[in-house]
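Below is one structure; the comments refer to it alone.
The values are calculated or read from the model by the stated rules, or taken from the named source; none is laboratory data. Treat the numbers as computed from the prediction; the structure is a model and nothing was measured. Backbone-built Cβ (ideal geometry, glycine too); neighbour counts: all protein chains shown.
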Amino acid sequence: MKIILNILSIFLAVIIISCDDSNSNKIPQQIDKKALNESLIEINKDLLAQESNIIDEYVRNNNLEVVKTGTGLRYQIIEDGEGDYINKGDIVTLNYDVYLLNGELLYSSNNEGNKTFRVGRGGVESGLEEAVLKLRKNSSAVLIIPSHLAHGLIGDGNKIPPKAVLLYKLKVLDVKKY
């Protein structure tokens, strides 16, 4: 929430400055777009670092042995599975539970049905697509998907709130090779 307030404060300051009556007889000043972009980039880096620290603390507190990818995805393979690794274009069917880091269950294949999708075509969290490429049929894994690889600033409009880090517990039930 603090992060969102910081971003809103910056935009509010820009609006107030642009609406100042003392400048009504002067030539309007242009917003320094480069400086604004640099500020927003720094804010985004800070937000990502804060979220990464929260994830790292969760990993420590739950004694997980995760691998962290360059995108910030964390995963732990519980059961390796068999056969070839999943590739882009493959159709994958998963049994899954999706939680918030506070333990709240959001979605489950027990209620929603198994999740089936073609890898690389979108329609699922980009962090999930990245993770399944490290799995095979009958693999099971725990994934921690940062918000920027999940549903971002707005959530899913249903159960996943804005800026939510997702914890996936999944098993690959089937892989149809492309």
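Is it true that some residue in the stretch 62-71 is closer than 20 Å to residue 149 by Cα, part of a strand (DSSP E or B) and under 20 Å from the mean Cα position of the chain (by Cα)? Within the stretch 62-71 (the criterion being closer than 20 Å to residue 149 by Cα, part of a strand (DSSP E or B) and under 20 Å from the mean Cα position of the chain (by Cα)), the answer is yes, since at least one residue qualifies. Checked against the criterion of being over 21 Å from residue 82 (Cβ atoms) and in contact with a Leu (Cβ under 7 Å, 6 or more places away or on another chain), the candidates 145, 154 yield just one match: 145. Exactly one residue out of 163, 134 is among the basic types (Lys, Arg) and crowded, with 19+ Cβ neighbours inside 10 Å, and it is 163.
Screening residue 46 against (1) assigned to a loop (DSSP other than H, G, I, E, B); (2) of a type outside the set (S, T, N, Q); (3) modelled with pLDDT of 55 or more leaves a single unmet condition, (1). When you check residue 106 against the structure, is it in contact (Cβ under 8 Å) with a residue 12 or more places away in the chain, assigned to a strand (DSSP E or B) and over 14 Å from residue 72 (Cβ atoms), yes or no? It is true that residue 106 is in contact (Cβ under 8 Å) with a residue 12 or more places away in the chain, assigned to a strand (DSSP E or B) and over 14 Å from residue 72 (Cβ atoms).
Every condition in (1) small (Gly, Ala, Ser); (2) modelled with pLDDT of 85 or more; (3) out of contact with any Asp or Glu (no Cβ under 9 Å at 6 or more places or on another chain) is met by residue 109 except one, and the failing one is (3).
Scanning the stretch 24-43 for residues being assigned to a helix (DSSP H, G or I) and either at pLDDT 95 or above or farther than 20 Å from residue 149 by Cβ (or both) gives a total of 8. Scanning the stretch 149-171 for residues that are of a type in the set (A, V, I, L, M), touching a residue at least 40 places away in the same chain (Cβ under 8 Å) and within 18 Å of residue 69 (Cβ to Cβ) gives 149, 165, 166, 167, 170. When the stretch 113-135 is examined, which residues are found to be among the hydroxyl-bearing types (Ser, Thr, Tyr) and either touching a residue at least 60 places away in the same chain (Cβ under 8 Å) or within 17 Å of residue 151 (Cα to Cα) (or both)? Listed by number, the list holds a single entry, 126. When the stretch 109-124 is filtered for residues that are assigned to a loop (DSSP other than H, G, I, E, B), exposed (fewer than 14 other Cβ atoms within 10 Å of the Cβ) and among the β-branched types (Val, Ile, Thr), nothing remains. Would you mind stating whether residue 146 is within 16 Å of the chain's Cα centre (by Cα), under 24 Å from residue 64 (Cα atoms) and either buried (at least 17 other Cβ atoms within 10 Å of the Cβ) or modelled with pLDDT of 95 or more (or both)? Against the criterion (within 16 Å of the chain's Cα centre (by Cα), under 24 Å from residue 64 (Cα atoms) and either buried (at least 17 other Cβ atoms within 10 Å of the Cβ) or modelled with pLDDT of 95 or more (or both)), residue 146 qualifies. Consider the stretch 50-84 and keep the residues that are closer than 17 Å to residue 169 by Cβ and of a type in the set (Ser, Thr, Tyr). The one that is surrounded by the fewest Cβ atoms within 10 Å (Cβ to Cβ) is 58.
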